Each structure stands twice: as C-alpha cells, then as structure tokens.
Amino acid sequence: MMIPSKKKSRKKSENLLFNRYLPGLIACTLLTLLFAGCATTGPNRMIFHGGDIVTMNDTPAGVVEALFVENGKIVSTGTKEEILKRKTVDTRMIDLQGKTLMPGFIAVHTHPDISAYLHGYVDLSGFTYRTKEEVWAKLRQTVSQVPKGQWIFCRGFDPILIPGLTAPDIGFLDAIAPDHPVLILAQSIHSAWANSMAFKKMGVTATTPDPAPGSYFEKDGRGNLTGFIVETAAVKMMSEDVLKVFDIKDNILKVNEEYLGNGFTSITTLGLMNGKALILYEYLSTAHPKLISRTLSAAGLLPRKKPTARHFMYLLHSTPDLFPKQIENGDDFFKICGMKIWYDGSPYTGSMYIREPYLNSELMLQGLKIPANHCGQTVIGRQEFFDAVKKYHELGWQVSVHSQGDRSTQEVLEVFDRIQSESPTKHLRHRIEHGVLLPPELLGKMQRLGITPSFHINHLYYYGKALRNDILGAERAEKMLPVGSTGKADLYYSLHADAPMYPEEPLSLLQTAVTRKTREGEIIGLHEAISVTDGLKALTLHAAWQINMEKKIGSIEPGKYADLIILNRNPLKVKPESLREIQVMSTFVNGEEVWIRER
C-alpha cells in the first residue's frame with residue numbers, strides 16, 4: 001500500500017502558541033511531553049549478544065546471534081564473531097546471559113490520558129475485589145474519609161467479574177453518600193452511575209438533552225434521573241471536574257513507567273479525550289526548544305534527558321480544530337496519524353450494535369439493566385459518520401473506527417466502500433477497532449478495501465464466559481474475535497488491551513490469542529487460535545504497519561531504530577500456557593535503556 005507523500009512541517013509563532021494554549025496545559029499535554037522524548041547526543045554504541053534474538057522478520061531462528069547499535073539505530077546483525085569485530089573502546093557490551101532480545105511491543109490502541117486521570121480514582125474493580133459486599137464497603141469507607149462536599153470518583157465497577165453485583169440506582173448512592181458528589185465509572189468506561197449531588201454539581205437535570213445519539217442520562221417512567229449514564233459523550237460531561245480535583249503529574253509518571261515496564265516502546269493514543277491539548281501537536285511540529293522549555297517550566301517539570309516511548313495519536317472527529325493542516329507532522333517520537341470515530345459502543349452497556357438481540361439473561365436484564373430483546377444501536381448518525389469519514393479520507397488521513405458488533409461493522413464497511421469507490425484517494429490503511437463480532441464473511445471485503453482490524457482480544461480472557469453464557473450465547477461466542485480467520489484472509493491485524501479497560505500486558509494478549517482460554521480456563525473458538533509467531537508479529541511488526549512505521553520499528557534489522565526489549569524467557573520456546581509468566585527485564589528506546597527491572 002502507498003504511504004502519503006512527505007512534506008516539511010510549517011513554522012508557527014512561539015508566542016501565539018504559548019499564550020493561546022497554556023491554559024489548556026493539563027493531563028494529556030503533560031503526558032505527551034513526557035512521552036515525546038529528546039534525542040541524546042554523542043556516540044552511543046552497543047553490542048547485544050549471548051542469548052536468543054527474535055528478529056520478527058523472515059530471518060531464520062538462530063541466524064542472528066548478535067547486533068550492533070549506534071546512535072539509536074541498528075547498524076548490523078549477524079554472527080557473534082562478525083558483530084564483535086565492530087567493538088571499540090566505548091562500545092557497551094550487553095551480554096544477554098541466555099535471555100531473549102526482541103523488538104519492543106507496540107500498544108497500537110491505548111489511552112494513556114485516561115489512564116493518568118483514573119490513577120486518582122477509587123478502585124472498585126473486579127481485579128481487586130471478589131464480592132459485592134467488598135465493593136460497597138470500599139465506597140462507604142471512602143465516603144467516611146473524604147470531607148463533605150468533595151468529589152468521590154470511582155472506577156472499575158463490574159457486575160460481570162463480581163457475581164451478584166448489580167447496577168446501583170440514584171437512591172442507593174444517595175443513601176451511601178448524601179453529602180458527596182459521587183461518580184462511578186464502569187470497567188468498560190462506556191457507562192457510569194452518579195448520585196443526586198453529582199448531577200447537581202454538573203448541572204445535569206431530567207431535562208438535559210442527550211449529548212449524542214445512543215448516549216444519554218437514563219430516566220425512569222416518571223421522567224426522573226435513575227443515576228445511570230450511558231456511553232462516552234454523557235460520561236465525559238459528568239467527569240469534567242476530574243482535573244480540578246486531582247494533581248495528576250505523579251500519575252503521568254506512573255503511566256509512563258507502566259508502559260515501559262511492560263515492554264512497550266511505542267504507544268498509540270486512540271482518540272485524544274481532551275480537546276484543549278492542541279499544543280501537543282503544535283509544539284512538537286515546530287520543535288521549538290524555547291517553547292518546549294517554557295511549557296515544561298510552566299508545568300513544573302523538567303525535560304527528560306532520555307527518550308521514553310514513541311507516541312502516535314489519533315484525534316477525535318469531534319475536534320476538527322485540533323488537526324494539523326498536513327498529514328506529515330511531528331517526528332518519529334510524536335506524530336498525529338489520523339482520525340478516531342465511534343460507530344457503536346460496548347457489549348457491557350448493550351450499545352454494541354448487533355444483528356440478533358442480546359440474551360435476555362439475569363445479568364443483562366437485572367445486572368446491566370439492558371432492555372429485553374435489545375440489539376444495541378449506533379452512537380453516531382449514519383450521515384454524520386459518512387460525512388466525517390469522507391472528509392478525512394479525502395484529506396488523506398487514516399481513519400480508525402470503533403466497531404464491535406457484526407451489524408456495526410457491516411454498515412461501517414458499506415460506508416467505506418461507497419466513499420472509496422467514488423474517491424481517487426486509496427491505500428490509507430484505515431482500521432476497524434476491537435472487532436468482537438467481526439463477521440468472517442466480511443474479511444474479503446476488508447482486504448479489497450485495504451482495511452485491517454485491531455482485536456480487543458482480552459474480551460475473551462476476562463469476559464469470555466459471560467459473553468458466551470449471558471450476553472451473546474454459545475454460537476456467537478465461538479465466532480467472536482476471528483483472529484485466525486483474519487490471518488488466513490491475508491490481512492494484517494494487531495492485538496490491543498485498550499488500557500485502562502484492561503491491563504496493558506502484551507504477553508497476556510499473546511497468550512489469549514494463542515490459547516483462546518478464558519481466565520477460568522475454558523476454551524472458546526479454538527479454530528480462531530493463532531501461532532505464537534503470528535501473535536508476536538501482531539504486537540510488533542504488523543502493529544507498526546498499521547501506523548505506517550514498519551520501515552522504522554517493529555523488527556530487528558539494519559536501518560531501524562533500536563527499540564528493543566529483553567525478556568527472561570523466549571516466547572517461542574515456552575508452553576503457550578506460560579506466556580503470561582514471561583517478564584520484561586529491560587526496555588530500550590532509540591538505543592537508550594529507559595527501564596530496567598529491579599533485581
């Protein structure tokens with residue numbers, strides 16, 4: 001496929017940027033400043049040897065015994081004898097001591113900005129608590145410790161992972177916290193619950209208009225608010241006060257370390273959630289040192305001396321003023337790739353748009369409060385969706401579409417087919433995100449249109465049992481997340497965790513894709529399992545392809561950046577059931593060791 005032609009970024013006025021956007025210097029801005037990194041100066045030579053080297057290209061295993069890195073790039077690979085001839089007095093020798101070297105992982109669909117926000121939330125998740133009694137006890141304890149009138153933000157509410165936990169109504173929350181505004185985010189982040197004081201604090205009443213199609217503040221038969229908040233547009237309205245409550249600079253540093261510690265050398269923000277962060281693009285595209293210095297100083301931070309993760313970004317279609325005027329922008333540490341748009345929602349709020357109804361199970365009807373015989377719905381009007389996709393396609397931007405349901409993806413592809421059939425613009429590597437019920441019969445059409453999927457594979461691990469027994473039924477569950485079929489259709493695909501929805505653990509994603517096992521150990525859709533090699537490519541080289549970076553990252557070969565990780569074991573040599581146990585020992589970005597496991 002063709003990559004858009006490159007043009008030089010235009011200069012902009014430092015003072016104009018600083019004066020205009022400093023008030024918007026908040027979580028996303030700080031996070032990207034940290035992720036952007038600064039190239040180091042002076043010679044930086046190293047030789048890796050003494051362990052397995054997994055290149056992720058077509059080089060047979062064992063052929064590459066060592067590699068030589070200089071000034072952030074891989075210069076040569078070969079036998080140990082060949083590479084050691086390049087050793088000089090200032091070359092750093094890295095003996096792997098039997099460990100495994102491979103390209104760094106790429107978090108191709110993640111939300112570091114949201115992760116930074118949520119670090120300050122009270123954890124009510126099924127990853128932490130086992131019973132409903134523990135969940136409500138934690139909330140009551142928090143209420144007793146927080147001064148009256150102050151916000152209490154909670155995250156991770158999950159009736160699926162915690163048996164017997166049911167969605168709270170506004171009266172229940174009012175009884176627990178009559179003197180505090182309380183907002184509780186679902187684990188999916190597609191829905192929330194709030195008490196009366198929270199609605200009052202945010203100015204939301206029973207007559208407040210729905211903020212978007214499929215997104216609303218639920219009302220009962222008498223027209224009163226129930227406390228349930230559906231989909232991201234409404235949830236966002238209710239969480240505007242977060243940045244007034246938390247000082248999240250420490251959270252940002254923690255998020256950064258978590259990515260590096262899990263072996264991610266590149267991350268991709270799929271939808272910048274705060275529209276005030278245009279300065280992210282502006283200051284990086286101008287690369288103005290004085291502006292960067294002033295911005296960091298104003299934020300109370302100092303520039304990082306070492307590079308951290310590369311950061312690529314998709315902006316929301318609802319923030320058109322944030323888009324740069326040209327596709328080629330930023331650099332290989334930070335770049336805006338394209339536009340993100342939601343077409344449907346989540347299976348756990350009943351907003352995944354499907355052909356046949358959800359099951360009328362107790363979990364769906366009572367636990368998640370989904371109407372009987374519900375098929376979900378789009379979260380955007382079809383004409384608005386068409387207009388947005390057409391606009392950015394014609395401008396040459398890559399388009400990434402959140403689409404989980406079978407009916408959703410069918411309609412999304414119909415729109416792309418119509419647009420591309422009428423447009424001379426081709427080969428932009430558009431993407432389908434999540435693909436829970438991506439119909440295998442549509443893979444041929446995706447191949448023809450040049451559209452590839454990124455699979456939210458740990459839906460199967462964490463919620464596979466519930467999806468099969470309570471949400472979709474056995475027949476549809478066997479067909480969900482068709483990773484194997486996608487590879488057989490000669491389509492690239494990637495795997496993602498969509499953090500903070502699920503932990504950003506690449507080896508967990510790999511094990512799920514390879515074994516198709518839920519966390520209870522049950523197998524679902526074994527015919528869609530893939531090999532370890534294919535799974536690793538989905539986390540490295542093919543993920544790099546999806547962001548138009550496959551010529552620079554994603555594999556170990558001369559000319560590419562030295563974005564590398566050292567693992568304590570070789571994923572190709574362990575039992576598939578042991579992949580989650582592998583540990584990242586060190587992470588290198590641009591030839592710099594930016595994270596090391598404490599011993």
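For residue 190, the conditions (1) without any contact (Cβ under 8 Å) to a residue 60 or more places away in the chain; (2) under 19 Å from residue 348 (Cα atoms); (3) not basic (Lys, Arg) are fulfilled apart from (1). Residues of segment 111-133 that are in a helix (DSSP H, G or I), more than 18 Å from residue 504 (Cα to Cα) and in contact (Cβ under 8 Å) with a residue 24 or more places away in the chain: 132 alone.
Only one of the numbered conditions (1) at pLDDT below 95; (2) among the hydrophobic types (A, V, I, L, M, F, W, C); (3) in a strand (DSSP E or B); (4) surrounded by fewer than 18 Cβ atoms within 10 Å (Cβ to Cβ) is violated by residue 153, and that is (4). Would you mind stating whether residue 471 is free of Cβ contacts under 8 Å to residues at least 60 places away in the same chain and either within 29 Å of residue 361 (Cα to Cα) or surrounded by fewer than 24 Cβ atoms within 10 Å (Cβ to Cβ) (or both)? Criteria not met by residue 471. The residue of segment 162-192 that is farthest from residue 113 (Cα to Cα), among those that are part of a loop (DSSP other than H, G, I, E, B) and among the β-branched types (Val, Ile, Thr), is 166.
If the condition is being closer than 26 Å to residue 326 by Cβ and buried (at least 22 other Cβ atoms within 10 Å of the Cβ), then segment 394-414 contributes 397, 399, 400, 401, 402. Please work out if residue 547 is crowded, with 19+ Cβ neighbours inside 10 Å and at negative phi. For residue 547, the condition - crowded, with 19+ Cβ neighbours inside 10 Å and at negative phi - is met. Based on what the data block shows, is residue 185 of a type outside the set (D, E, K, R), buried (at least 21 other Cβ atoms within 10 Å of the Cβ), under 20 Å from residue 121 (Cβ atoms) and within 28 Å of the chain's Cα centre (by Cα)? So residue 185 fits the description; yes.
Checked across segment 372-382, the condition of being closer than 25 Å to residue 220 by Cα, free of Cβ contacts under 8 Å to residues at least 24 places away in the same chain and in a loop (DSSP other than H, G, I, E, B) holds for at least one residue.
Scanning segment 156-170 for residues that are surrounded by fewer than 23 Cβ atoms within 10 Å (Cβ to Cβ) and either touching an Asp or Glu at 6+ places or on another chain (Cβ under 6 Å) or modelled with pLDDT of 95 or more (or both) returns a single hit, 170.
For residue 123, state whether it is in contact with a strand residue (DSSP E or B) (Cβ under 7 Å, 6 or more places away or on another chain) and at pLDDT below 95. In short, yes.
Report yes if some residue within segment 336-352 is closer than 18 Å to residue 431 by Cα and either free of Cβ contacts under 8 Å to residues at least 40 places away in the same chain or among the aromatic types (Phe, Trp, Tyr) (or both); otherwise report no. Checked segment 336-352: at least one residue is closer than 18 Å to residue 431 by Cα and either free of Cβ contacts under 8 Å to residues at least 40 places away in the same chain or among the aromatic types (Phe, Trp, Tyr) (or both). Just so you know, in segment 191-205 the residues that are in contact with a Phe, Trp or Tyr (Cβ under 8 Å, 6 or more places away or on another chain) and over 24 Å from residue 159 (Cβ atoms) include one that is modelled with the lowest pLDDT, and it is 201.
Here's the yes/no breakdown for (1) touching a Phe, Trp or Tyr at 6+ places or on another chain (Cβ under 6 Å); (2) assigned to a loop (DSSP other than H, G, I, E, B); (3) among the aliphatic types (A, V, I, L, M):
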| site | (1), (2), (3) |
| --- | --- |
| 324 | yes, yes, no |
| 327 | no, yes, yes |
| 337 | yes, no, no |
| 340 | yes, no, no |
| 345 | no, yes, no |
| 351 | no, yes, no |
| 354 | no, yes, yes |
| 359 | no, yes, yes |
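Considering only residues in segment 189-214 that are surrounded by fewer than 24 Cβ atoms within 10 Å (Cβ to Cβ) and among the polar types (S, T, N, Q), the one that is farthest from residue 120 (Cα to Cα) turns out to be 207. Out of the residues in segment 326-348 that are more than 19 Å from the chain's Cα centre (by Cα) and surrounded by 19 or more Cβ atoms within 10 Å (Cβ to Cβ), which is nearest to residue 436 (Cα to Cα)? In this case the residue turns out to be 327.
Of the listed requirements (1) under 21 Å from the mean Cα position of the chain (by Cα); (2) at pLDDT below 95, residue 425 misses just one: (1). Tallying residues that are over 30 Å from residue 402 (Cα atoms) and part of a loop (DSSP other than H, G, I, E, B) within segment 193-234 yields 4. If you take the residues of segment 426-441 that are out of contact with any Gly (no Cβ under 6 Å at 6 or more places or on another chain) and surrounded by fewer than 22 Cβ atoms within 10 Å (Cβ to Cβ), which of them is nearest to residue 488 (Cα to Cα)? Checked segment 426-441; the qualifying residue nearest to residue 488 (Cα to Cα) is 440. Looking only at segment 355-380, residues that are in contact with a strand residue (DSSP E or B) (Cβ under 9 Å, 6 or more places away or on another chain) and more than 14 Å from residue 470 (Cα to Cα) come to 3 in all.
Would you check if residue 514 is under 17 Å from residue 109 (Cβ atoms) and surrounded by 21 or more Cβ atoms within 10 Å (Cβ to Cβ)? When the stated conditions are applied, residue 514 does not pass them. A single entry from 131, 142 fulfils the requirement of being touching a Cys at 6+ places or on another chain (Cβ under 9 Å) and over 23 Å from residue 256 (Cα atoms): 142. For segment 405-418, check the following and say yes or no: at least one residue is in a strand (DSSP E or B), in contact with a Phe, Trp or Tyr (Cβ under 6 Å, 6 or more places away or on another chain), farther than 30 Å from residue 470 by Cα and not aromatic (Phe, Trp, Tyr). Scanning segment 405-418, I find no residue that is in a strand (DSSP E or B), in contact with a Phe, Trp or Tyr (Cβ under 6 Å, 6 or more places away or on another chain), farther than 30 Å from residue 470 by Cα and not aromatic (Phe, Trp, Tyr), so the answer is no.
Counting only helices (runs of 4 or more DSSP H) wholly contained in segment 476-591, the ones carrying 2 or more residues that are polar (S, T, N, Q) occupy 483-488, 506-515. The set of residues in segment 375-393 that are in contact with a Gly (Cβ under 9 Å, 6 or more places away or on another chain), on the phi < 0 side of the Ramachandran plot and buried (at least 16 other Cβ atoms within 10 Å of the Cβ) comprises 377, 378, 379, 380, 392.
The values are calculated or read from the model by the stated rules, or taken from the named source; none is laboratory data. Since the model is a prediction, treat every value here as computed from it, not as a measurement. For neighbour counting, all protein chains shown are included, and Cβ atoms are generated from backbone atoms with ideal geometry for every residue, glycine included.
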